[in-house]
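Report on the structure given below.
Computed from the coordinates by the stated procedures, all read-outs in this text should not be read as laboratory data. Given the structure is predicted, the values throughout are model-derived calculations rather than measurements. So basically every Cβ, Gly included, is an ideal-geometry build from the backbone, and we count neighbours across all protein chains shown.
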Amino acid sequence: MADYWSKVLQRRLSRRRAIVATGAIGAGAAFLAACGGSDDEGASGPKDESGLLHEMKDETKEAKRGGVYIDSHPGVILTHDPMKTGINIRGARRGFSQLFRVADGFLKGPDGTIEGDLAESWELSPDKLTLTIKLEQQAGFANVPPVNGRLVDAEDVVFSWERLQKEGIGRTELVNSINPGAPVVSITAPDKRTVVVKMAEPNVTLFSLLGTEVLGSMYIMPKEAGSQYDPARVSIGSGPYYLVDNTEVKYSWKRNPNFKRSRLKNGEPFIDEIQEPVILDQAQGTAQFRAGAIYEYGVQQLEAVGTKKDIPALVMRITAPYITGSERLYFGQAGDSIFKDERVRIAYMKTIDRDAFIGAADNTDKFKSEGLPVEAYWDAALARGVWEGWWLDPRDEKAFGPNAKNYMYDLAEAKKLVEAAGLKTPVEFTQVYAAPGPSSFPQTFYTRADIFMGQVENSGVFKMNRKLIQYQTEWNTEQYRFSKGNFVGATWGPDTAPADPTSAVFFLFNSQGGYYQGGDARLDELTNQARREFDDKKRMELVHEVQRYHGGKFYNNKIGQGTRFALNWPVVRNIGVYRGGTNWLCVTTPSGLKAWIDPEQPPLKKT
């Protein structure tokens, strides 16, 4: 696989260098040529000229109830506990509730509007230190022992809060007694329908923190968890679905008849059952999808157009810019790590040609040649997939400032930076990452990593020694993922930052954040100010300033992404129209519980 991507990159780089050598294009046009864009696409973006794309529209009113959605699961779930990390994110979002959720956007990403999940109504005190919540009156757990379909009450919320304090992987984001930077001092229940949240100081991110889909956060669990059943082995919650098959070969879910929310007016969710056979191999998954045995699958971008042309009945659609489907690259700053020096961190990132990476990882040249609408985004401190308007484009020097230059691919400058740090090129370092396996990252992460690691490896600036380690016992521990930068070398892993940009910058760049991998007093100051600011415009500017400043530090980094295209069988309707909201998952592509099964469409009905 690494050899394959090396060839892909070489073809792209040779083409780019040939164009530059002729003097035919400047830096901006070189970017557009590489990513498939053009400078006359206008504010609304490029248009579809392929005839391959499905017209996305709201089909909620035509929804049919019932049916079975068949997908696949990418690995073996080691724990169903939503307060732990692993590959159980779908189960957490399907099976469990939270107090709040971020509302879905309609045919675009969310704008950060907060709505209730278990919270039916709420009131924030004038001093912004007390939040009083009234719970939904009819929300119930699944009809399985030991809860047997009973209603959710405030005691479950308090139990979940207490459990989070003791066991939650993400407790440092919420629990003030553990992390002085976290907002919540206490959660109490004066009666069975009322929850009172006390805060240490005003914090605008409280609502999204109580409604983030990130594993390890405050999912509401029944008070019987732990004492009457093992939540690692048994999944019991009050979400839209409950687990009925739990083996290493298949996971199945059924609709929870006690999932009732006053704001859902159409009786969502519509789908009765979800089946997910475990498929570890990409080729096998693609074959099963093409045969119609599964209805949705992450076909590699290189194969998306060919698959659509081979099977015209398939629905092809643009997916929203993403966060969790991409990686973060960060550096150890312990001992004699060369990455203690910010010049070396910047140099590492300057050996990555973002245009070439996006083209190889997301197949943008091929899509453009087919007439598909393609855009490319350079991610920086934050991914393009955060709330609309909050991401700052490092290609826009006017908005980003002088640190925009640090995102430009430049091997000569990278070499100068390393040598200015007193090191001889190629400088040797260890690139640590989790080995592939049934409970490690999905294969797509390794495919993407082969691309950027190949660029660094072949730059002549660095000599990379790869070190593969075990995911569960080594990488996903305080040795690396939770080390706060206290290791030697460099590593990468999935981006688990929330879509709330204010929460994200604290999570990533504040010394008390859960994915902190190094920082300084200025980043602490900016991220703390942002959380205390309730004026959206002022808070957005603070988040923008974090992105500008981090562009000179490069502690915890991203690369970029291009427009992606997804395929599904037309049996699944209304998919991805409502997008980007937290929790409330039915089909694998988040659709706000609005997706439904149409038995009159392929592959159920043969054409």
Between His73 and residues 5 or more places away or on another chain, the pairs with built amide H atoms under 5 Å apart involve Val278, Ile279
Could you work out the relative contact order of region 94-237, using alpha carbon pairs under 8 angstrom and six or more residues apart, expressed as a whole percent?
-> 29 percent
Ranked output for segments 313-323, 340-350 by mean other Cβ atoms within 10 Å, highest leading, reads 340-350, 313-323
Contact order relative to length for region 245-356, counting C-alpha pairs under 8 Å separated by 6 or more residues, stands in percent at 14 percent
Sort region 455-607 into rounded, prolate or oblate with this rule: let a ≥ b ≥ c be the square roots of the eigenvalues of the Cα gyration tensor; rounded if a/c is under 1.5, and if a/c is not under 1.5, prolate when a/b is larger than b/c, oblate otherwise.
-> oblate
Quick one: Karplus J couplings for region 76-90, per residue in order, coefficients 6.51, -1.76, 1.60, θ = phi - 60°, nearest Hz, x for Gly and Pro?
-> 8, 7, 7, 8, 9, 6, x, 8, 10, 9, x, 10, 9, 5, 4
Glu303-Glu397 FRET efficiency (beta carbon distance; Förster radius 45 Å; 0.05 resolution) = 0.80
Based on the Kirkwood radius over alpha-carbon pairs, what is the Stokes-Einstein translational diffusion coefficient of the chain at 10 °C with 1.306 mPa s viscosity, in µm²/s?
-> 64 µm²/s
Any idea what the alpha-carbon Rg over 2.2 N^0.38 Å comes to for region 94-237?
-> 1.02
Over 25 Å (Cα to Cα) - which of Lys340/Lys416; Lys463/Lys553; Lys128/Lys223; Lys223/Lys484; Lys47/Lys309; Lys405/Lys467 fall in this group | Lys128/Lys223; Lys223/Lys484; Lys405/Lys467
Treating cross-link reach as a plain straight distance, find the aspartates and glutamates whose alpha-carbon is under 14 Å from the alpha-carbon of Lys166, omitting any fewer than eight places away in the same chain.
-> Asp81
Note down the relative contact order for the chain as a percent, whole number, built from C-alpha pairs under 8 angstrom at least six residues apart.
-> 22 percent
Place a +1 charge on the Cβ of each Lys and Arg in the chain and a -1 charge on the Cβ of each Asp and Glu, then give the dipole magnitude about the Cα centre in debye, rounded to the nearest 20.
-> 540 debye
What list of ³J(HN,Hα) couplings, whole Hz, do you get for region 290-304 from phi and the Karplus terms 6.51, -1.76, 1.60, once you set θ to phi - 60° and write x for glycine and proline?
-> 4, 7, x, 6, 10, 9, 8, 7, x, 4, 4, 4, 4, 9, 5
Along region 208-213, Karplus-curve 3J(HN,Hα) (6.51, -1.76, 1.60; θ = phi - 60°) to the nearest Hz, with x for Gly and Pro, reads 6, 5, 7, x, 8, 7
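As a check on your grasp of the helix formula, calculate [θ] at 222 nm for the chain: sum -39500 (n - 2.57) over DSSP H runs of n ≥ 4, divide by the residue count, round to the nearest 500.
Computed ellipticity for the chain at 222 nm equals -8000 deg cm²/dmol.
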So between Arg65 and Asp535, what do we pick up on full extension, going 0.36 nm a residue minus the alpha carbon distance?
-> 165.0 nm
With a Cα-only, solvent-free Debye model of region 394-439, what are the log10 I(q)/I(0) values at q = 0.20, 0.21, 0.23, 0.26 Å⁻¹?
-> -0.79, -0.81, -0.85, -0.93
Gain in length, Ser125 to His54, computed as 0.36 nm per residue apart minus the alpha-carbon separation, to one decimal in nm?
-> 20.9 nm
Give the calculated FRET efficiency between Ser511 and Val244 to the nearest 0.05, with a Förster radius of 25 Å applied to their Cβ-Cβ distance.
-> 0.05
Multiply the residue gap between Arg193 and Gln472 by 0.36 nm, knock off their C-alpha separation, and tell me the result in nm, one decimal place.
-> 96.6 nm
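Hey, with R₀ at 41 Å, roughly what FRET efficiency would Glu525 and Lys260 work out to, going by the Cβ-Cβ distance, to 0.05?
0.40
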Surpassing 31 Å at the alpha-carbon level, of the pairs Lys250/Lys350; Lys84/Lys198; Lys250/Lys308; Lys250/Lys594, are Lys250/Lys350
State the antiparallel share, in %, of DSSP beta bridges confined to the chain, rounding to the nearest 5.
-> 75 percent
At 0.890 mPa s and 25 °C, Stokes diffusion of region 349-410 via Kirkwood alpha-carbon radius, µm² per second | 191 µm²/s
